[in-house]
Amino acid sequence: VQLQASGGGLVQPGGSLRLSCLISGDISSINVMGWYCQAPGKQREFVATITRGGSTFYTDSVKGRFTISRDNAKNTVYLQMNSLKPEDTAVYYCKVSFGLGPPKWGQGTQVTVSS
């Protein structure tokens, strides 16, 4: 399984971005897909996940602003980010978890929120 994240960029406060993570390879054993972020000088943190069954979970700071979704036909998981704040600035990573074995991470995509 390979993950390719895209969609980051520079946006003004209050703006929106949509991140995409294209998943290639055998996806049949993936249980959970998610997004994490890492700001400069900080540890990587959980942002949002979506399970095989479609349940979604968010960290408190993004609830009501971010939406995680997936398109099974396109093997892609998305993170719609609205009402962006400067504190959302980070490198965003997609991750998939399997029933067995270690998770798989994609490369990061930089999100910068600044006026």
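The values are calculated or read from the model by the stated rules, or taken from the named source; none is laboratory data. Note that the structure is a prediction, hence the values are computed from the model and not measured. A quick note on method: Cβ atoms are made from the backbone with ideal geometry, for glycine too, and the neighbour counts reach across all protein chains shown. Heads up: the accessible areas ignore ligands, DNA and RNA and are worked out on the full protein's heavy atoms, side chains in. Shrake-Rupley method; radii C 1.70, N 1.55, O 1.52, S 1.80 Å.
With a 1.4 Å probe and all protein chains left in place, how much of the accessible area of the chain comes from carbon and sulfur atoms, in whole percent? Please report the intermediate quantities before stating the final value.
Details: 3010 of 6160 Å².
After summing per-atom areas, the C and S share lands at 49 percent.
Over the range 67-115, what is the relative contact order in whole percent, taking alpha-carbon pairs under 8 Å and six or more residues apart? Spell out each step's value before the answer.
Working: 57 pairs, mean separation 15.3, N = 49.
So the answer I get is 31 percent.
With a 1.4 Å probe and all protein chains left in place, how much accessible area per residue does the chain have, in Å²?
Numbers: 6160 Å² over 115 residues.
Counting only protein heavy atoms, the per-residue value for the chain is 54 Å².
Given Cα pairs under 8 Å that are at least 6 residues apart, what percent is the relative contact order of the chain?
Working: 275 pairs, mean separation 42.7, N = 115.
37 percent.
Residue by residue through the range 29-40, what is 3J(HN,Hα) from phi via Karplus (6.51 cos²θ - 1.76 cosθ + 1.60, θ = phi - 60°)? Round to whole Hz and write x for glycine and proline.
Along the range 29-40, the couplings run 9, 6, 9, 9, 10, x, 10, 10, 9, 9, 8, x Hz.
Where in the range 80-102 does the amide nitrogen come within less than 14 Å of the point 7 Å from the Cα of ARG52, taken along Cα to Cβ?
Residues 97-101 qualify, since their backbone N sits under 14 Å from the label point.
Given a 1.4 Å probe and the protein chains all in place, what does the accessible area of THR112 round to, in Å² to the nearest 10?
Here the residue's solvent-accessible area equals roughly 40 Å².
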